[in-house]
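This report refers to the structure that appears directly beneath it.
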Amino acid sequence: MPSYVIVGASRGLGYQYLKTLSTNPSNKVIGLVRTPASVQSKVSADNLPSNVHILQGDLTDPSSLNAAAAEASKITSAVDYLIVNGAFLPWETAHLTPLDFIGNEQAFIDELNASMSANVAGVMWSINAFIDLVKKSSVKKVIVVSSGMADTELVGTTGITHSVSYAISKAGANMVVAKYAALYKSEGVVFLALSPGFVQTQAEDPNNVPPEVAAGLDALTKAFRKYEPNFEGPVLPEESVKSQLKVIEGITIKDSGKFLSHLGTTRML
């Protein structure tokens, strides 16, 4: 029975991982969330099967992640796939460029600290908590959900200058992946930083996207066409997760430490 741990499973891609993976009754699917009660209610309302287990765990709280790993060990003796998905993205300042922080330096420092705490340190704490269970598996795959925003070629080609702290922290997460890959190469553990593509996760109902969100998605789509002229726009979480899982299944120890996209290549779109 393949076992999966999804860190950051309350919504968006993380919750979609629960939905997609749980359709296979042989899978054990463990989701870590900050507030289990509300997510468990959602799981029940969506009639997800009994192979889904919700545990409490917070990226910024190492003790909660360690406790979650201890609870997970009661559900599965090994973790085949650890997928670290949770992230911090300050939407209220996501439109700002580096120059917009002139005179607001402390605000940027505070935002960067929060981003690094979740998106870099949180990745480390998650891996540290579950690595012993991963090592007991014959699969041994650790996936960190990254972002095309951390790809320097994409940024340079598109001219996207916003989401500064988020992009910096995701680039940092990619290096964390490389460090762990080097650390565990001799033990056969495969680590991968994986961009999910451009995913529409800002609205629960894809047919009822708020105007301001739709405008932002349209602007990004136009920018991304400078990088990939045939780019059609954001995909829904279900499609992204399906693509990600195909990449995850295909990687081997030769790919450990890499930063790839949902396409399975270094092209982000």
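The values are calculated or read from the model by the stated rules, or taken from the named source; none is laboratory data. Given the structure is predicted, the values throughout are model-derived calculations rather than measurements. Here Cβ is always computed from backbone atoms with ideal geometry, including for glycine, and neighbour counts include all displayed protein chains.
Can you go through Pro237, Pro211, Pro196, Pro206 and tell me which one is farther than 16 Å from Arg267 by Cβ and at pLDDT 95 or above?
On the way: Pro211 fails: at pLDDT 95 or above; Pro196 fails: farther than 16 Å from Arg267 by Cβ; Pro206 fails: at pLDDT 95 or above.
Matching residue, one of Pro237, Pro211, Pro196, Pro206: Pro237.
Of everything listed in (1) of a type outside the set (S, T, N, Q); (2) more than 29 Å from Ile131 (Cα to Cα); (3) out of contact with any Ser or Thr (no Cβ under 6 Å at 6 or more places or on another chain), the single unmet condition for His162 is (3).
Looking across the range 99-155, the residues that are in a loop (DSSP other than H, G, I, E, B) and not acidic (Asp, Glu) come down to Ile102, Gly103, Asn104, Lys136, Ser137, Ser138, Val139, Lys140, Ser146, Ser147.
Looking across Glu153, Glu111, one residue alone is over 18 Å from Gly14 (Cβ atoms) and surrounded by fewer than 19 Cβ atoms within 10 Å (Cβ to Cβ). It is Glu153. Of all residues in the range 127-143, those satisfying the criterion of being within 29 Å of Phe224 (Cβ to Cβ) and in contact with a Leu (Cβ under 7 Å, 6 or more places away or on another chain) are Val142, Ile143. Residues considered: Ser165, Ser147. Of these, the only one that is crowded, with 20+ Cβ neighbours inside 10 Å, in contact with an Asp or Glu (Cβ under 7 Å, 6 or more places away or on another chain) and of a type in the set (Ser, Thr, Tyr) is Ser165.
Taken over the range 1-60, residues that are of a type outside the set (S, T, N, Q), part of a loop (DSSP other than H, G, I, E, B), more than 15 Å from Val241 (Cβ to Cβ) and under 16 Å from the mean Cα position of the chain (by Cα) amount to 4.
Of all the numbered requirements in (1) at pLDDT below 95; (2) assigned to a loop (DSSP other than H, G, I, E, B), Leu220 misses one, and that requirement is (2).
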